[in-house]
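Participant: I have a structure here, written as structure tokens, and I will follow up with some questions on it.
The values are calculated or read from the model by the stated rules, or taken from the named source; none is laboratory data. From a predicted model like this one, the values you see are computed outputs, not experimental measurements. With ideal geometry, Cβ positions are generated from the backbone for all residues, glycine too; neighbour counts draw on all protein chains shown.
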Amino acid sequence: MDWTFWYKLFLSFLVGGCWVTLTTTMAEKFGSKIGGLLGGMPSTIVVSLLFIGLTQNAEVASQATTIVPLAHGFNTFFILVFVLSIPKGLKLAVPVSLLTWFISAILLILLNISRYWISLGGWLVFLGFAYILMEKIMRIDSHGTVAIVYSTGQILFRAIFSGSAIAFAVLMGKLGGPLLGGIFATFPAMFLTTLIITHRSGGAEFSRATAKSLLISGLINVILYTIFVRYLFLTIGLFWGTGVALLISAGTGYLTYLFMKAKIS
């Protein structure tokens, strides 16, 4: 493995750890809607696609976005199982939801989707399904603030815990070979660590509420970011494409906030 991979691994650890820490603290200070919104904004996907472009080329990085919408949509199953099982505790919710993720990841690989329009169509179905199920059928209410006195050790633990989980997924994606590497490319490390931390700080209902906002925000903002860079990488290059896509994502994030404020309980 060359130095660029280790640089990517370090950035994944750093960006992921900081982002999960920010997400969980904002959820505790301002409620599950704000925390979930931030957690669903593009973060580690930015590092991943940029490094694909740097180590190969912009065209390969653009093509790498083909499966992302559907793969991210499949994480709906992971979130759903977590939300259903978390009232019985993390000891049940974590292994059951991870088993669900593993099965859905294998299914995604077996489907071998190569057409972008199919991936986008699947994403739209999952987006509608997630919103209707969690908001209209399961009726998971948003959660307010959680009173916590933070210590330096607590913040560092969150960053190291979440960053390590994300870096582990990146490492397994590199070392795991075609099958295992493909499976770990869809590993929802950001989701998992965020939900574990919010459960520990605010309990099952807080974690469930954060999961709803996190899933909806992620299905909107991460996928829109990949749509932007798919075309921007080829027209204005990797760095300008990343920068412009992030600026646009700030706008879509604000629109998502308005939608969540008006349409999510």
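Participant: Would you point out which residue out of THR65, THR4 is among the polar types (S, T, N, Q), part of a loop (DSSP other than H, G, I, E, B) and over 27 Å from ILE148 (Cα atoms)?
Facilitator: Within the list THR65, THR4, the selection yields THR65.
Participant: Let me ask you something else. Of a type in the set (Gly, Ala, Ser), in a helix (DSSP H, G or I) and either under 14 Å from the mean Cα position of the chain (by Cα) or at negative phi (or both): does that describe SER114?
Facilitator: No: the conditions fail for SER114.
Participant: Restricting attention to the range 177-206, and to residues there that are within 30 Å of LEU107 (Cβ to Cβ) and loosely packed, with under 15 Cβ neighbours inside 10 Å, which single residue is modelled with the highest pLDDT?
Facilitator: LEU180
Participant: Could you check the range 140-156 and list, in sequence order, the residues that are surrounded by 10 or more Cβ atoms within 10 Å (Cβ to Cβ) and assigned to a loop (DSSP other than H, G, I, E, B)?
Facilitator: ILE140, ASP141, SER142, HIS143, GLY144, THR145, VAL146, ILE148, TYR150 - these are the residues of the range 140-156 that are surrounded by 10 or more Cβ atoms within 10 Å (Cβ to Cβ) and assigned to a loop (DSSP other than H, G, I, E, B).
Participant: Of these, VAL96, VAL47, VAL81, VAL68, which one is under 30 Å from HIS143 (Cβ atoms), buried (at least 20 other Cβ atoms within 10 Å of the Cβ) and free of Cβ contacts under 8 Å to residues at least 40 places away in the same chain?
Facilitator: Answer to the selection: VAL47.
Participant: Among (1) assigned to a helix (DSSP H, G or I); (2) of a type outside the set (Phe, Trp, Tyr); (3) touching a helix residue (DSSP H, G or I) at 6+ places or on another chain (Cβ under 8 Å); (4) farther than 22 Å from SER119 by Cα, where does LEU214 come up short?
Facilitator: (4)
Participant: State the number of residues belonging to the range 1-18 that are modelled with pLDDT of 85 or more and either under 13 Å from LEU214 (Cα atoms) or of a type in the set (S, T, N, Q) (or both).
Facilitator: Total satisfying the criteria: 1.
Participant: Same structure again: Name, by its number, the condition in (1) within 23 Å of ALA211 (Cβ to Cβ); (2) free of Cβ contacts under 8 Å to residues at least 24 places away in the same chain that does not hold for LEU156.
Facilitator: Single failed check for LEU156: (1).
Participant: If you don't mind, there's one more thing I want to ask. Quick check: anything in the range 51-60 at pLDDT 85 or above, hydrophobic (A, V, I, L, M, F, W, C) and within 30 Å of HIS143 (Cβ to Cβ)?
Facilitator: Taking every residue of the range 51-60 in turn, none turns out to be at pLDDT 85 or above, hydrophobic (A, V, I, L, M, F, W, C) and within 30 Å of HIS143 (Cβ to Cβ).
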